[in-house]
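Have a look at the structure below, then the notes.
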Amino acid sequence: MKKAVLGGAAVATLLAALFAPEDEGSIVGPATATTRQVERVAPAPLAAATVPPTNRALAIEPRRALEDEEAATLFAKQSWQPETPKKIMLDQQAAQAALPVARVDANTPPPLPFQFLGRFVDEGKAAYFLQAGERNVVARPGDTLEERYRFDGVVQGSLQFTYLPLNLKQTLAVGDLN
């Protein structure tokens, strides 16, 4: 193997030597610097009168000292949001206080505390993964959840629960369960 690699390297070196450009036998010497004369033209002075009055805002002016008021607001809090006057906020609070308090009907169950996460089928039995607040719950038809809900099963693509204190049905739409 080593002989084949060395043989290939020798052939490549021989070919490179044969097809290399001829250098006429001379060695390139160090570079020499040359100088030439350049005609220098002084730039014309720019007169202040040549700046059109519309571009005065773009003219360069000497630096001026900051006033105390400007220096104080140099690092002040800045925002793109407009300031909301306190009067508007107080009016909004008064309007909210004047609204009648919505009555909660005693015969209405609270909204379902569950979110659908997924489903798993094992040996023909389905288990549904739900989230209740920070907890994950596995529910099968007939299970009691959160001590107030009974999971009844799937009805037309929705999970059906019974709110036990009022014995009222509630559904959680989940879409396609495939």
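The values are calculated or read from the model by the stated rules, or taken from the named source; none is laboratory data. Treat the numbers as computed from the prediction; the structure is a model and nothing was measured. Cβ atoms come from the backbone with ideal geometry, glycine included; neighbour counts cover every protein chain shown. Protein only, heavy atoms only, side chains kept; ligands, DNA and RNA dropped before computing areas. Shrake-Rupley method; radii C 1.70, N 1.55, O 1.52, S 1.80 Å.
Is it the case, given these coordinates, that Ala49 is modelled with pLDDT of 70 or more, open to solvent by less than 100 Å² (accessible area, probe 1.4 Å) and among the hydrophobic types (A, V, I, L, M, F, W, C)? Working first, answer last.
Values: modelled with pLDDT of 70 or more: no; open to solvent by less than 100 Å² (accessible area, probe 1.4 Å): yes; among the hydrophobic types (A, V, I, L, M, F, W, C): yes.
No: the conditions fail for Ala49.
Among what's in the stretch 162-177 and is over 38 Å from the mean Cα position of the chain (by Cα) and in contact (Cβ under 8 Å) with a residue 12 or more places away in the chain, pick the residue that is surrounded by the fewest Cβ atoms within 10 Å (Cβ to Cβ). It would help to see each step written out before you state the result.
Within the stretch 162-177, the subset over 38 Å from the mean Cα position of the chain (by Cα) is 162-169.
Keeping just the survivors that are in contact (Cβ under 8 Å) with a residue 12 or more places away in the chain gives 162-166, 168-169.
On the way: Thr162: 16, Tyr163: 16, Leu164: 15, Pro165: 10, Leu166: 14, Leu168: 12, Lys169: 13.
In this case the residue turns out to be Pro165.
Residue-by-condition table, conditions (1) in a loop (DSSP other than H, G, I, E, B); (2) of a type in the set (A, V, I, L, M, F, W, C); (3) at pLDDT 70 or above:
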| residue | (1), (2), (3) |
| --- | --- |
| Lys3 | no, no, yes |
| Ser26 | yes, no, no |
| Val38 | yes, yes, yes |
| Val41 | yes, yes, yes |
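Give the stretch 138-161 a look and list any residue that's within 24 Å of Gly124 (Cα to Cα), in a loop (DSSP other than H, G, I, E, B) and either among the polar types (S, T, N, Q) or more than 37 Å from the chain's Cα centre (by Cα) (or both), or say none.
Hits for the stretch 138-161 are Arg140, Pro141, Gly142, Asp143, Gln156.
When you look at Thr108, is it part of a loop (DSSP other than H, G, I, E, B), surrounded by 10 or more Cβ atoms within 10 Å (Cβ to Cβ) and modelled with pLDDT under 90, yes or no? Talk me through it step by step, then tell me what you get.
Values: part of a loop (DSSP other than H, G, I, E, B): yes; surrounded by 10 or more Cβ atoms within 10 Å (Cβ to Cβ): yes; modelled with pLDDT under 90: yes.
Yes.
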